[in-house]
1. Taking only the stretch 502-535 into account, find how many residues are among the aliphatic types (A, V, I, L, M) and either part of a helix (DSSP H, G or I) or at pLDDT 90 or above (or both).
2. Specify the residue that is farthest from Ile42 (Cα to Cα); the eligible residues are those in the stretch 382-417 that are acidic (Asp, Glu) and out of contact with any His (no Cβ under 7 Å at 6 or more places or on another chain).
3. Here is a check on your reading of the model: is Gln376 surrounded by fewer than 23 Cβ atoms within 10 Å (Cβ to Cβ) and in contact with a Leu (Cβ under 7 Å, 6 or more places away or on another chain)?
4. Take Phe260 and tell me if it is more than 23 Å from Lys379 (Cα to Cα) and part of a loop (DSSP other than H, G, I, E, B).
5. Can you work out which of the residues in the stretch 248-274 that are without any contact (Cβ under 8 Å) to a residue 60 or more places away in the chain and in contact with a Leu (Cβ under 6 Å, 6 or more places away or on another chain) is surrounded by the fewest Cβ atoms within 10 Å (Cβ to Cβ)?
6. Condition check: surrounded by fewer than 24 Cβ atoms within 10 Å (Cβ to Cβ) and out of contact with any Pro (no Cβ under 7 Å at 6 or more places or on another chain). Does Ala38 satisfy that?
7. Would you mind telling me which numbered condition in (1) aromatic (Phe, Trp, Tyr); (2) open to solvent by 10 Å² or more (accessible area, probe 1.4 Å); (3) within 17 Å of the chain's Cα centre (by Cα) Phe462 fails?
8. Being surrounded by fewer than 24 Cβ atoms within 10 Å (Cβ to Cβ), in a loop (DSSP other than H, G, I, E, B), of a type outside the set (Val, Ile, Thr) and at pLDDT below 95: is that true of Ser347 here?
Amino acid sequence: MTRATSPSVLAVLGLVCGLSAAHAQVSVGPILFLDRAARNEITLGNIRGSLGVIDFNRDGWYDLFISDFAGRPKRLFQNSPSPTAPGGRTFVDVSATAGFTIDPDGISRSEGGVVIFDFNNDGWDDIFTLAESATDQGLLYRNNQNGTFSNVTLNAGLKIAGINALCASATDFDLDGNVDLMVASSGTPSRFITLWRNRGDGTFQDRSDLVTPLNFAGVTYAMGFTDYDHDGWSDALIPISAGTPLTLKNVPNPAGGRMFIDTTQASGFTFVGPAPMGIAFGDVNNDGWLDVAITDAISGTYYENRAGTLVRVRPYTTFFGWGTVYIDAENDGDVDNYQAGSHSTISVDFLVRNNGDGTFTDARPALNTTRLASQQCVKIDFDNDGREDVITINPGSGFISIYHNQSSSSMHWSKILLQGADRANANAVGAVVRMTAGGRTQVREVALGTSYASTDDPRLHFGLGETTVIDQIEIIWPRAGTLADRTENYAGPFPSDRTLVLGQQRACLADADRNGLIETADLFTYINIWLNSQPAAEIDNNGIVNTLDLFAFLNAWFVGCP
């Protein structure tokens with residue numbers, strides 16, 4: 001991310017924004033999107049709410065969940081073959097058959113944020129949807145592995161009154177193998193942060209005592225977890241309207257375990273504009289450190305990550321953005337920035353092309369859409385063609401934009417889907433991936449609940465340019481142990497233009513607590529998780545926890561590992 005700013009980079013505001021939806025096809029360089037909804041080719045209906053990308057039936061085609069208007073059912077759209085476009089894809093509403101009806105307790109909940117994560121580590125993604133309600137903070141839906149979902153909020157211990165929440169994010173903050181939740185309350189009578197620790201047995205425990213006491217006055221529309229200082233632990237960045245943002249750093253708890261303390265001033269993350277709405281993380285200058293984009297009501301706020309210190313920069317100017325994502329639109333290896341735009345007189349979404357040399361180009365005409373007030377958005381490759389698409393909520397417009405990436409670039413790509421096991425959470429939330437190809441290394445991080453309180457496609461996308469071979473992949477897994485122990489290298493060559501599904505390389509079975517030593521504590525650790533049938537106890541790869549796993553561990557513990 002460059003510190004130099006060209007005042008003319010985005011000076012052409014509105015000159016080409018009034019594009020007709022009637023099949024206009026404008027490209028900026030190789031970048032071209034077609035708004036399939038504006039062209040009446042894919043229709044999701046008049047819906048307002050945050051979005052979540054989910055492969056709910058594990059067929060490899062990513063589906064879409066939307067938390068609809070208050071008083072209306074949540075919506076689940078299955079990614080299906082198009083009946084009109086041979087080889088194409090569309091979205092089919094399966095909300096009713098999946099079990100999403102009017103909330104059974106009769107409470108009318110607003111359209112809050114959406115976090116897609118596997119809370120019980122069974123390999124099937126579940127859904128947590130927030131709400132502004134005096135009765136509770138939202139609902140947790142368990143994936144039943146048969147196309148249906150069940151409301152398990154009460155059983156999970158997540159139903160609590162007095163939390164009016166718009167946004168939440170998920171990570172395994174203490175690296176115990178279970179994904180936890182952090183929820184930001186923005187309503188009256190008070191505003192605070194709630195930390196829900198996942199016990200690993202299907203329930204959550206309120207551990208807000210592990211967050212430094214906070215007192216903030218503004219509204220939080222978005223938040224996100226990222227290891228901004230590369231110490232191996234996920235920290236939280238929280239934009240707050242009408243006030244100073246928060247950096248909650250993940251540090252050792254003197255009483256044991258982990259906790260969060262306020263390190264806002266030390267981090268450099270001290271300004272977010274008057275009305276911050278969205279947050280995204282991406283390595284804009286490919287220096288190995290994830291930078292930060294914040295949308296706001298004036299010009300956007302951007303931070304370059306300089307070796308763990310966030311420095312405010314102005315690479316380009318936008319106005320009144322809501323949700324935001326980093327995508328590599330043309331697969332050239334330089335991430336571009338999309339923002340859902342919303343303004344009273346000029347409502348148009350933003351796409352800023354990263355030229356790879358510290359400069360940026362206004363690429364909004366390449367969206368080929370109309371002027372619409374937009375809010376939530378997610379990135380998704382819904383047709384699995386290796387080009388990142390974007391889906392955006394346009395409240396009140398009657399349709400949801402489906403920006404189908406049709407960029408003509410012949411450049412190559414790779415996606416990585418991580419599968420956690422062996423004491424890492426099933427989603428590998430918090431994992432950091434570095435891919436080296438063609439002499440260049442790019443970094444991505446598994447983060448859930450960013451943009452504007454939405455969840456993106458979990459597959460990590462890398463544009464490779466002209467390179468066709470991947471030389472090496474480095475993964476820092478979210479599991480217990482030292483940073484060195486958690487880092488695994490996967491030597492290439494790997495082919496391009498496909499999705500690589502990677503799991504952890506098998507560690508020594510006898511080292512149950514992953515501290516690099518074989519000791520008595522490992523025996524007690526493993527027996528405990530085996531007696532409780534926790535997923536981490538399944539070590540012989542037959543899919544179930546039984547006595548064969550215990551025998552395999554005991555053999556490794558007595559005999560040792562090479």
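The values are calculated or read from the model by the stated rules, or taken from the named source; none is laboratory data. Note that the structure is a prediction, hence the values are computed from the model and not measured. Here the Cβ is made from the backbone with ideal geometry for all residues, glycine too, and neighbour counts use every protein chain on show. Surface areas here come from the heavy atoms of the whole protein model, side chains and all, with no ligands, DNA or RNA. Shrake-Rupley method; radii C 1.70, N 1.55, O 1.52, S 1.80 Å.
1. Keep residues of the stretch 502-535 that are among the aliphatic types (A, V, I, L, M), which gives 502, 507, 509-510, 512, 517-518, 521, 523, 527, 529, 531.
Next, from what is left, pick out any that are either part of a helix (DSSP H, G or I) or at pLDDT 90 or above (or both): 521, 523, 527, 529, 531.
Of the residues in that region, 5 qualify.
2. Asp385
3. no
4. Details: more than 23 Å from Lys379 (Cα to Cα): yes; part of a loop (DSSP other than H, G, I, E, B): no.
The answer is no for Phe260.
5. Of everything passing the filter in the stretch 248-274, Thr264 is surrounded by the fewest Cβ atoms within 10 Å (Cβ to Cβ).
6. Numbers: surrounded by fewer than 24 Cβ atoms within 10 Å (Cβ to Cβ): no; out of contact with any Pro (no Cβ under 7 Å at 6 or more places or on another chain): yes.
Spelling it out, it is not the case that Ala38 is surrounded by fewer than 24 Cβ atoms within 10 Å (Cβ to Cβ) and out of contact with any Pro (no Cβ under 7 Å at 6 or more places or on another chain).
7. Among (1) aromatic (Phe, Trp, Tyr); (2) open to solvent by 10 Å² or more (accessible area, probe 1.4 Å); (3) within 17 Å of the chain's Cα centre (by Cα), Phe462 violates only (2).
8. When the stated conditions are applied, Ser347 passes them.
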